[in-house]
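Colleague: Here it is: the structure, laid out below.
The values are calculated or read from the model by the stated rules, or taken from the named source; none is laboratory data. Treat the numbers as computed from the prediction; the structure is a model and nothing was measured. With ideal geometry, Cβ positions are generated from the backbone for all residues, glycine too; neighbour counts draw on all protein chains shown. Please note that ligands, DNA and RNA were not included when accessible areas were found on the heavy atoms of the full protein model with its side chains. Shrake-Rupley method; radii C 1.70, N 1.55, O 1.52, S 1.80 Å.
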Amino acid sequence: TIERGENRPAKVGDLVEQGDVVATGDKARAQLLMNDGARIALRSGTRYRIDEFALPAAVSSPVSTSTANASGKAVASLLKGGFRTTTGAIGKGDPAAYAVRTPVGTLGIRGTRYVAVSCASDCRDAPGMLPGDVIRDGLYLGVEEGSVVFQYGGRDYSLNAGDVYFFPAAGGEPE
């Protein structure tokens, strides 16, 4: 669904606007193609809000991205659930212009592809976990390509390709 004043079912091709919350049901997934070329795949049971999105002037369509002196801003909030994403022109052009807020911290990128899953007694699986492992409350963050910086507990944590971290919801040291 797209939550914008009232909830309505999302259909292929629907536009998502700043302030919208995209929510997936227990057996649903969604894919978002942002106008800067970023791709976001939402897993089931997710709530993801577009807080700010300003398209770089050098980008005219998702298919034709350019990072040459582009300025823009992409800020979102992972309210619940998880997603996998590939950076678009905004993050490639200015990594500081991209952020995803989560229940336990804020994520920034360095031109990348990563997955983030926020668990609050509602996850059956998470990055880096094997079937049957106990899934604890917190944020599971895995980097597939590039690197990310995650602000957690007043510190910045740098994760590079191949890294998978768990950031406990109740605080404490990441694992």
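Colleague: Highest mean first, what order results for 85-93, 47-55 on Cβ atoms within 10 Å?
Modeller: On the way: 85-93: 24.1, 47-55: 17.6.
Top to bottom by mean Cβ count within 10 Å: 85-93, 47-55.
Colleague: Please work out how much length the chain gains when fully extended from residue 136 to residue 73, using 0.36 nm per residue of separation minus the C-alpha to C-alpha distance, in nm with one decimal.
Modeller: Working: separation 63, 0.36 × 63 = 22.68 nm, distance 3.22 nm.
Gain in length upon complete extension: 19.5 nm.
Colleague: Leaving ligands, DNA and RNA out of it, rank 78, 130, 33 by accessible area with a 1.4 Å probe, largest first. Please list the in-between numbers first.
Modeller: Working: 78 5, 130 120, 33 85 Å².
Solvent-accessible surface, decreasing: 130, 33, 78.
Colleague: State in Å² the accessible area per residue of segment 71-111; use a 1.4 Å probe, count heavy atoms of protein chains only, and round to the nearest integer. Show your work: numbers first, answer last.
Modeller: Values: 1460 Å² over 41 residues.
Roughly 36 Å² per residue, with all protein chains present.
Colleague: If you don't mind, there's one more thing I want to ask. Using 0.36 nm per residue of separation minus the Cα-Cα distance, give me the extension gain between residue 155 and residue 169 in nm, one decimal. Kindly include the intermediate steps, with their values, before the conclusion.
Modeller: Numbers: separation 14, 0.36 × 14 = 5.04 nm, distance 1.49 nm.
Difference between extended and current length: 3.5 nm.
Colleague: Here's another thing I want to ask about it. Compute the relative contact order of the chain as a whole-number percentage, counting only Cα pairs closer than 8 Å that sit 6 or more residues apart in sequence. Don't skip to the answer; put the middle values down first.
Modeller: Numbers: 453 pairs, mean separation 24.3, N = 175.
Across the chain, relative contact order equals 14 percent.
Colleague: Quick check on segment 111-169: what are the equivalent-ellipsoid semi-axes from the Cα gyration tensor, as sqrt(5λ), descending, whole Å? Numbers along the way, then the final one.
Modeller: Details: eigenvalues 79, 41, 13 Å².
Square roots of five times the eigenvalues give 20, 14, 8 Å.
Colleague: Give me the percent of the accessible area of the chain that comes from carbon and sulfur atoms, probe 1.4 Å, all protein chains in place. Provide the component values of the computation, followed by the final result.
Modeller: Values: 4370 of 9170 Å².
It is 48 percent, rounded to a whole number.
Colleague: Looking at the chain as a GNM with Cα springs under 10 Å, which of 138, 154, 72 has the largest mean-square fluctuation?
Modeller: Greatest mean-square fluctuation among the candidates belongs to 154.
Colleague: By the gyration tensor of its Cα atoms, with a ≥ b ≥ c the square roots of the eigenvalues, what is the shape of segment 1-47: rounded for a/c under 1.5, prolate for a/b over b/c, or oblate? Numbers along the way, then the final one.
Modeller: Details: a/c = 1.79, a/b = 1.12, b/c = 1.59.
Here segment 1-47 falls in the oblate category.
Colleague: Turning to a different aspect of this structure: At 0.36 nm per residue, and after removing the present C-alpha to C-alpha distance, how many nm does the segment from residue 27 to residue 4 gain when stretched out fully?
Modeller: Numbers: separation 23, 0.36 × 23 = 8.28 nm, distance 2.17 nm.
Between residue 27 and residue 4, full extension yields 6.1 nm more.
Colleague: While we're looking at this one, here's another question. Taking the Cα centre of the chain as the origin, how large is its charge dipole in debye, to the nearest 20, when only Lys and Arg (+1) and Asp and Glu (-1) carry charge on their Cβ atoms? Mind showing how you got there, number by number?
Modeller: On the way: 19 positive and 20 negative charges, 66 e Å.
In debye, rounded to 20, the chain gives about 320.
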